[in-house]
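The values are calculated or read from the model by the stated rules, or taken from the named source; none is laboratory data. What you see is a predicted model; the values in this text were computed from it and never measured. Here the Cβ is made from the backbone with ideal geometry for all residues, glycine too, and neighbour counts use every protein chain on show. Keep in mind that these areas ignore ligands, DNA and RNA; they rest on the heavy atoms of the full protein, side chains included. Shrake-Rupley method; radii C 1.70, N 1.55, O 1.52, S 1.80 Å.
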Amino acid sequence: MDNLRRIPAIDEVLMDERIKALINKYNRQFIVTTVRQSVDNLRLELKLEPQAFSKDDLMERIINSVEKKIPASQGTLYKVINGTGVVLHTNLGRAPLGSRAINYINEIARTYNNLEMNLTEGIRGSRYDHVEDLLIKLTGAEAALVVNNNAAAVMLGLNTLAVHKEVIVSRGQLVEIGGSFRIPEVMKLSGAKLIEVGTTNKTYASDYANAINENTGMLFTAHTSNYKIVGFTASVSMEEMAALGKEYSLPVMQDLGSGIICNLQEWGLNEEPLVQESVAAGIDIISFSGDKLLGGPQAGILIGKKKYIEAMKKNQLTRALRVDKLTIAALEGTLLEYLIGDPLKNIPIIRMLVNSPAELKNKAESLADKIKMCTANWDKLKEIAVKQTEDMVGGGAYPTFKIPGYCVELEFINGILETVVKNLRQMQPALIARRQDDKMLINVRTLMPEDDDLIVRLMLELIDNESNPGGLL
Ligand SMILES: *Cc1c(COP(=O)(O)O)cnc(C)c1O
């Protein structure tokens, strides 16, 4: 109890020469907050310590603790090793960028640039001109516009072309994606009025046609990315939708979700419609994400008929949804890779998706060997094996499709699996592994080239921590 009374007051700590030096060097508020935290921690620690300490001792402890906390200060966003085998994991930041995109960001971020300057004419230009040409070349569309994300793209399309008007959608497509994007909610916010037609499993072109009246502003179709209706189903093809739009002079908008522009049929990934196919079918406006199967930065890409895209560019909402120069740089780098580079090799998520079973097996065997070496004397680990497993595309794409892959399977002594998985998740970098049948699985498809060595480091740290008094195991 007396210990607690001998804890120096915050003001006294702040008068110490060493703390004063820290205040001169760093942000004052940050140091004051850190001192408070250290004093609070000390108060808790002392409750468990029976011996008496002098006031000087306690001051020393506070200052040591402050000095230790400062260099450890960092942001809250850091690297995670994705051992889940889910290639597009929204919780893990979706698509890692390729080096062409990263180099582009590096070049643009550190200097001035022509974001909104038309250098030919020497007048103000538009930030939207930058990626437009690349998107036109890649997809065959007449025009393009890029906004913050696909949710914003859908909202902008609806608001521009159908505010206060009716938008006809198939009941089977009123989906929720990722727990926060609900087509009916987005539609309401955009000011358009949702008209549902058809039934959950069947919608025909005649259902749309019967609902069209003088208040109709748009026909809308969404790719039901994250679920699949099987059994007796009927939906309206893109060609039929486009024909309906033409017949009634109404714009047809398609929310494609993932938006893949690289044909991966050869690898069994043929369920997801290609962006080019929607354009060729005559859909007027198509929207998709930049950071799903495209493998670029977070963005919402709108492509389609020039008159509609131009109308969206003029909408005030576009100003609120606009992308910054870093997004534009990353997107240009990504799109250029598709146009003049080698996306199968250089777009990380595409590379992961086309990884052959033989390559994955090698990768798993090599990782298993490294883990075996560094854990040779660790009696808590019973067994290490390379096993076949199932990976997934994720990001709402190919919901029922499992890609055969390989993993390293670790079996620990009874009762510690949960703690091991939790500890690895809380280290830096964090390792997100899977758990299956009392074993820990690291799927190798989603590992980056440097991750093997980092996993070895984490394992050594885990073993090391075990022997510490405050240790994790
Ligand atoms: C993922 C997805 C969205 C949301 O896209 P964000 O880029 O995350 O805003 C919207 N619609 C569909 C069909 C999707 O799959």
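Hey, can you tell me all the residues within segment 413-426 that are open to solvent by less than 50 Å² (accessible area, probe 1.4 Å) and either among the small types (Gly, Ala, Ser) or part of a loop (DSSP other than H, G, I, E, B) (or both)?
Ile416
With respect to the numbered conditions (1) closer than 21 Å to Thr90 by Cβ; (2) touching a Gly at 6+ places or on another chain (Cβ under 8 Å), which one is the sole condition not fulfilled by Gly394?
With (1) closer than 21 Å to Thr90 by Cβ; (2) touching a Gly at 6+ places or on another chain (Cβ under 8 Å) applied to Gly394, the lone miss is (2).
Across segment 239-272, which residue is farthest from the ligand (Cβ to nearest atom) among those that are touching a Phe, Trp or Tyr at 6+ places or on another chain (Cβ under 7 Å) and of a type in the set (A, V, I, L, M, F, W, C)?
Ranking the qualifying residues of segment 239-272, first place goes to Leu244.
Quick one: Leu410 ticks every box in (1) open to solvent by 20 Å² or more (accessible area, probe 1.4 Å); (2) assigned to a strand (DSSP E or B) except a single one, so which number is it?
Among (1) open to solvent by 20 Å² or more (accessible area, probe 1.4 Å); (2) assigned to a strand (DSSP E or B), Leu410 violates only (1).
Mind listing whichever residues of segment 279-311 are part of a loop (DSSP other than H, G, I, E, B) and of a type outside the set (Asp, Glu)?
Within segment 279-311, Gly282, Ile283, Gly290, Lys292, Leu293, Leu294, Gly295, Gly296, Pro297, Gln298, Ala299, Lys305 meet the criteria.
If we scan segment 223-238, do we find a residue that is open to solvent by less than 60 Å² (accessible area, probe 1.4 Å), aliphatic (A, V, I, L, M), away from the ligand (no atom under 16 Å from the Cβ) and out of contact with any strand residue (DSSP E or B) (no Cβ under 8 Å at 6 or more places or on another chain)?
no
Of all residues in segment 358-407 being open to solvent by less than 80 Å² (accessible area, probe 1.4 Å), hydroxyl-bearing (Ser, Thr, Tyr) and over 18 Å from Lys439 (Cα atoms), which is nearest to the ligand (Cβ to nearest atom)?
Among them, the one singled out is Tyr398.
Sort out for me the helices (runs of 4 or more DSSP H) sitting completely within segment 1-118 that have 2 or more residues that are of a type in the set (D, E, K, R) and either more than 30 Å from Met352 (Cβ to Cβ) or free of Cβ contacts under 8 Å to residues at least 12 places away in the same chain (or both).
Helices (runs of 4 or more DSSP H) meeting the threshold: 2-6, 10-15, 17-25, 28-46, 55-69.
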